[in-house]
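Quick notes on the structure that follows.
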Amino acid sequence: MHLEVITPDKTLYEGEAISVKFPGTKGKFETLNNHAAIISSLEKGTLSVKTEEGIQDFEINGGIVEVLNNKIIVLA
C-alpha cells in the first residue's frame with residue numbers, strides 16, 4: 001500500500017507500508033493491503049507504520065484518514 005502522512009508543516013512519511021495502525025476516535029484500528037475504502041477521524045495517539053524495514057511510530061494530535069484503492073492519506 002502507498003501511505004502519505006501529511007501535516008500542515010511537512011510530509012512526515014511517504015512510501016510503501018505493509019500495515020498501518022491508527023488511533024481512531026471510536027477505537028484503534030488497522031489497515032492491510034486491499035482494505036475496504038474508508039474515511040475516519042483520528043484522535044491524539046500513535047500512528048504505527050509497518051514496512052519491510054521495520055516499524056515506525058508517529059505521534060499525532062488527531063486528524064483524518066482516507067483509505068482508497070491501496071492508497072492511504074493521513075492529514076494529521
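Throughout, read-outs are computed from the coordinates displayed, never taken from laboratory work. The structure displayed is predicted, hence computed values, not measured ones. No Cβ is skipped: glycine too gets one built from the backbone with ideal geometry, and neighbour counts run over all protein chains shown.
A few remarks follow.
- With respect to the conditions (1) assigned to a strand (DSSP E or B); (2) surrounded by 12 or more Cβ atoms within 10 Å (Cβ to Cβ), ASP57 falls short on a single one, namely (2).
- Under the condition of being over 15 Å from LEU75 (Cβ atoms) and under 12 Å from the mean Cα position of the chain (by Cα), the residues counted in region 31-44 number 2.
- Scanning region 14-30 for residues that are surrounded by 15 or more Cβ atoms within 10 Å (Cβ to Cβ), touching a residue at least 12 places away in the same chain (Cβ under 8 Å), in a strand (DSSP E or B) and of a type in the set (Val, Ile, Thr) turns up at least one hit.
- Search result, residues across region 33-59 that are of a type in the set (Asp, Glu) and closer than 18 Å to LEU12 by Cβ: GLU43, GLU53, ASP57, GLU59
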